[in-house]
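The values are calculated or read from the model by the stated rules, or taken from the named source; none is laboratory data. No experiment lies behind these values; they were computed from the predicted model shown. Cβ coordinates were reconstructed from backbone atoms using ideal geometry, including for glycine residues, and neighbour counts include every protein chain displayed. These accessible areas exclude ligands, DNA and RNA; they are computed on the full protein's heavy atoms, side chains included. Shrake-Rupley method; radii C 1.70, N 1.55, O 1.52, S 1.80 Å.
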Amino acid sequence: MKEDLAGLVTEMVNEETKNIDRCSTLEMVEQINRQDAQVAGAVAAEKERIAQAVDLISGCLGRGGRLIYLGAGTSGRLGVLDASECPPTFGVEPELVQGHIAGGDIALRVPVEGCEDDEAEGIRLIDRLETGENDAVVGITASGRTPFVLAALGRARERGSVPIGLCTNAHSRLEEVCAVTIAPLVGPEVISGSTRMKSGTAQKLVLNMLSTCAMIKMGKVYGNLMVDLRASNQKLQDRARRLVIHATGVGEKRAQQLLDRAGGQVKLAILMEKSGLEAEAARDRLEQCRGHLAQAIAMEEEKDV
């Protein structure tokens, strides 16, 4: 195990930042920024595997399954973060996209020693979730060797789920258990072994792509507008009005009237304005199109030709 860890690129000493403790504050910032600038390119090199993972995830969601993230430490926290943003952004139920961290929710704030090595708990987690063939399970681990994650993914595969790996080291153990492994190679960290830095940034970028692209394929976006958002506060209510205005060209008063008639649902309000349908008929049309607003609008336009 020790030799395995010592040989990881993310554990190596970064020659470009080895004097950072003797730098001015501005020089420190510049060095970190130069290192961070490498992350986007590392993620871009994995675009084909990211797209493959998105197709696997969207396939599971389309069959009524779930997207489940799991990890330890920073990796686990990033998975929980991405999952928690999906309900307000895309209007999905919290169970659809889930994030789980080794050590439980307390580990989101306070490190829980040894939990990342707990293979048995990784297996128990998957069994408690009762994952099946319609679920995609994404294991996140910078090293690609975290026992909790590997054991959970192995158990998920045994249960017929789709295991996907995300790490920042090449040729990791994830490849042995996953249908696809995404591995942006960000190189040694600014502070040796501090994978909350470039590795964490790369993971965040990839997770954004996985969930966002999957939601787009589910019809949660119209153009680049998040038309399934839940307007649960004043800011989001204002955003909902602006989305209707942008998509239809109506004024603010009309936009609010449409939202009121649509029960606050942006997607429904837009379809009502563009098609002339009342709320119930528009809702039926959306259901017929599995929530894809562009398709629903196109079907109504074809009727008028």
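A few comments on the model shown:
- Number of positions in the stretch 219-243 that are in a loop (DSSP other than H, G, I, E, B), open to solvent by 80 Å² or more (accessible area, probe 1.4 Å) and under 16 Å from L268 (Cβ atoms): 1
- R34 being surrounded by fewer than 21 Cβ atoms within 10 Å (Cβ to Cβ) and either closer than 25 Å to I164 by Cβ or in contact with a helix residue (DSSP H, G or I) (Cβ under 6 Å, 6 or more places away or on another chain) (or both): no
- Screening the stretch 87-129 for residues that are part of a loop (DSSP other than H, G, I, E, B) and touching a Pro at 6+ places or on another chain (Cβ under 9 Å) and picking the one that is most open to solvent (accessible area, probe 1.4 Å) gives E93.
- Sole residue being among the β-branched types (V, I, T), open to solvent by 80 Å² or more (accessible area, probe 1.4 Å) and either in contact with a Cys (Cβ under 8 Å, 6 or more places away or on another chain) or part of a helix (DSSP H, G or I) (or both), chosen from V29, V54: V29
- Beta carbons closer than 9 Å, at least 6 apart along the sequence or on distinct chains, pair a first residue in the stretch 144-160 that is farther than 24 Å from G200 by Cβ and outside any helix (DSSP H, G or I) with a second that is open to solvent by less than 10 Å² (accessible area, probe 1.4 Å) and hydroxyl-bearing (S, T, Y) for R159/T131; G160/T131.
- Taken as a whole, the condition of being open to solvent by 20 Å² or more (accessible area, probe 1.4 Å), of a type in the set (A, V, I, L, M) and outside any loop (DSSP other than H, G, I, E, B) does not apply to L70.
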